[in-house]
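The values are calculated or read from the model by the stated rules, or taken from the named source; none is laboratory data. Since we're looking at a predicted model, the values are computed, not measured. Here the Cβ is made from the backbone with ideal geometry for all residues, glycine too, and neighbour counts use every protein chain on show. Side chains are part of the model used for accessible areas, which takes the heavy atoms of the whole protein and leaves out ligands, DNA and RNA. Shrake-Rupley method; radii C 1.70, N 1.55, O 1.52, S 1.80 Å.
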Amino acid sequence: MTEPTDLAVPLPPKVRLVVLFGGQSAEHEVSCVTAAHVLRAADPGRYELAPIGITREGTWLQSDDALSALDAGSALLPARLEASGVEVDPLPAVRAGADHLPVVVLPLLHGPHGEDGTVQGLLEVANVPFVGSGVLGSAVCMDKAMAKTVAQAAGIPQCKAFSLTAAQGTAAQLAAKAETVMALGSIDFPVFVKPANLGSSVGITKAHDSDELVTAIEAALSYDDRLVVEETVAGREIEVAVLGNSVTSRPPRASVPGEIVPGHEFYDYDDKYLDGAAQLLIPADLPPDEADAVRTLAVEVFLAMRCDGLARVDFFYEPDGRGWLLNEVNTIPGFTPQSMYPKLWEATGVSYGQLIDELVALALERHDRRAGFSTKR
Ligand SMILES: Nc1ncnc2c1ncn2[C@@H]1O[C@H](COP(=O)(O)OP(=O)(O)O)[C@@H](O)[C@H]1O
Ligand SMILES: [Mg+2]
């Protein structure tokens with residue numbers, strides 16, 4: 001595999017970088033921390049920074065505190081930004097400053113109303129370049145049921161799974177249905193039950209028997225009206241960072257693979273954000289041909305899911321079984337310097353600051369390309 005060296009497209013001399021953070025999700029907190037890191041790392045000679053905090057209720061606020069801290073020197077930035085400040089209207093806020101500088105929006109928002117295509121739709125309508133996948137790629141990857149359908153159509157290997165909706169009955173009725181499907185598909189307990197549309201392990205339960213299955217389905221249905229049931233994979237958790245645009249002069253590239261060693265029974269919310277018991281092993285200890293295979297597969301997944309910009313593609317690895325199985329794709333992966341995505345790139349030769357530059361360049365490239373399409377018939 002070739003390692004990245006220079007930018008996809010040269011950056012304009014100065015860009016106004018609108019950093020969206022906070023948001024209406026369980027990952028609000030981590031997003032506030034990420035934004036502080038990004039503001040500190042972005043080259044002030046290259047970027048005019050415009051942080052906008054989104055509250056848990058969805059109000060957009062121009063973060064004047066963060067701006068004045070930045071003016072006084074990025075060392076004075078707090079470790080974590082607050083979604084506080086003067087309320088702004090989303091559309092004018094993302095376009096502001098476009099009269100004197102090219103604008104790029106960086107949505108550092110995880111989960112629903114940020115990673116799921118909704119904010120991306122707003123930015124498309126505003127005609128502003130933004131970092132990451134567009135409406136379709138974001139929405140497909142956010143919905144675990146739809147992502148499985150798309151992956152299956154693309155011939156990507158996955159574990160045995162099926163989906164159910166609230167329209168099919170009560171939790172007890174869904175559990176009975178699930179057990180029938182499990183018997184037909186030779187899926188044994190324990191199974192993972194997940195709401196289709198969420199992240200950071202929220203609403204996910206490992207159900208060990210029929211009783212736990214009902215409770216797990218109830219839990220999942222409190223977050224979404226669609227859920228997936230999966231066999232439990234006894235495999236290692238290997239993740240690959242992908243960087244690039246789907247349709248581009250330079251195709252997406254894959255980082256070295258990394259491994260998550262969960263500290264709890266599975267890689268749950270506490271592991272991810274609270275006690276940090278999970279370990280990240282970078283690069284993952286894999287035979288070279290297996291490392292190459294998963295890098296190639298990660299790019300295939302990125303293309304099949306219509307991703308752009310960045311995505312972290314998560315796999316299970318069964319060395320003595322089926323080999324590589326796709327778990328999920330995160331279109332806005334954790335992005336603090338300690339997160340898997342930036343660390344994978346660092347290990348592949350791209351620093352945190354370079355990563356920001358590359359993502360901005362990719363956003364501009366994608367926007368320019370799409371702006372060139374004919375609107376005549
Ligand atoms: N089918 C499965 N088999 C074994 N472990 C699983 C399975 N699905 C999820 N897990 C465990 O649960 C964690 C969270 O599940 P995941 O689907 O990645 O949800 P999220 O989108 O919240 O990250 C995974 O990192 C893994 O540790
Ligand atoms: Mg995950």
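Within the stretch 55-90, track down each residue that is open to solvent by 60 Å² or more (accessible area, probe 1.4 Å), part of a helix (DSSP H, G or I) and aliphatic (A, V, I, L, M).
Within the stretch 55-90, Ala75, Leu76 qualify.
Kindly indicate whether Leu355 is closer than 19 Å to Val131 by Cβ and not polar (S, T, N, Q).
In short, yes.
Within the stretch 160-209, considering only strands (runs of 3 or more DSSP E) that don't extend past its boundaries, which have at least 1 residues that are more than 10 Å from ligand 1 (Cβ to nearest atom), at pLDDT 95 or above and surrounded by fewer than 16 Cβ atoms within 10 Å (Cβ to Cβ)?
Of the strands (runs of 3 or more DSSP E) lying wholly inside the stretch 160-209, those with at least 1 residues that are more than 10 Å from ligand 1 (Cβ to nearest atom), at pLDDT 95 or above and surrounded by fewer than 16 Cβ atoms within 10 Å (Cβ to Cβ) span 161-165.
Which residues, counting only those in the stretch 339-369, are open to solvent by 40 Å² or more (accessible area, probe 1.4 Å) and either within 28 Å of Asn197 (Cα to Cα) or within 16 Å of ligand 1 (Cβ to nearest atom) (or both)?
Lys343, His367
Could you identify the single residue in Leu303, Leu281 that is within 20 Å of Arg236 (Cβ to Cβ), surrounded by fewer than 21 Cβ atoms within 10 Å (Cβ to Cβ) and away from ligand 2 (no atom under 16 Å from the Cβ)?
Only one candidate qualifies: Leu281.
Checking Ala151 against (1) in contact with a Pro (Cβ under 9 Å, 6 or more places away or on another chain); (2) within 17 Å of Glu27 (Cβ to Cβ), only one condition comes out false. Which one?
Checking Ala151 against (1) in contact with a Pro (Cβ under 9 Å, 6 or more places away or on another chain); (2) within 17 Å of Glu27 (Cβ to Cβ), the one that fails is (2).
Which residues, taken from the stretch 339-377, are assigned to a loop (DSSP other than H, G, I, E, B) and over 20 Å from Val313 (Cα atoms)?
Gly372, Phe373, Ser374, Thr375, Lys376, Arg377, listed by residue number.
Going through the stretch 317-338 one residue at a time, which ones are open to solvent by 20 Å² or more (accessible area, probe 1.4 Å), within 11 Å of ligand 2 (Cβ to nearest atom) and either out of contact with any Phe, Trp or Tyr (no Cβ under 8 Å at 6 or more places or on another chain) or in a strand (DSSP E or B) (or both)?
Those that are open to solvent by 20 Å² or more (accessible area, probe 1.4 Å), within 11 Å of ligand 2 (Cβ to nearest atom) and either out of contact with any Phe, Trp or Tyr (no Cβ under 8 Å at 6 or more places or on another chain) or in a strand (DSSP E or B) (or both): Asn327, Glu328, Asn330.
Just give me the residues in the stretch 236-268 being within 10 Å of ligand 1 (Cβ to nearest atom), closer than 16 Å to Ala298 by Cβ and open to solvent by 30 Å² or more (accessible area, probe 1.4 Å), in sequence order.
Glu237
Going by the conditions given, is Lys194 touching a helix residue (DSSP H, G or I) at 6+ places or on another chain (Cβ under 7 Å), basic (Lys, Arg) and within 16 Å of ligand 2 (Cβ to nearest atom)?
For Lys194, the condition - touching a helix residue (DSSP H, G or I) at 6+ places or on another chain (Cβ under 7 Å), basic (Lys, Arg) and within 16 Å of ligand 2 (Cβ to nearest atom) - is met.
Residue by residue through the stretch 241-272, note down the ones that are away from ligand 2 (no atom under 16 Å from the Cβ) and at pLDDT 75 or above.
Once the filter is applied, which keeps residues that are away from ligand 2 (no atom under 16 Å from the Cβ) and at pLDDT 75 or above, the stretch 241-272 yields Leu243, Gly244, Asn245, Ser246, Val247, Thr248, Pro251, Pro252, Arg253, Ala254, Ser255, Val256.
Any residue in the stretch 199-224 that's under 11 Å from Ala178 (Cβ atoms): show its pairings with residues that are open to solvent by 40 Å² or more (accessible area, probe 1.4 Å) and in a helix (DSSP H, G or I) at Cβ separation under 6 Å, as long as the two are six or more apart or on different chains.
Cβ pairs passing all conditions: Val214/Ala172.
In the stretch 127-159, what residues are in contact with a Gly (Cβ under 6 Å, 6 or more places away or on another chain) and either assigned to a helix (DSSP H, G or I) or among the charged types (D, E, K, R) (or both)?
Scanning the stretch 127-159 gives Val135, Ser138, Ala139.
Look at the stretch 210-232 and say how many of its residues are outside any helix (DSSP H, G or I) and open to solvent by 20 Å² or more (accessible area, probe 1.4 Å).
Of the residues in that region, 7 qualify.
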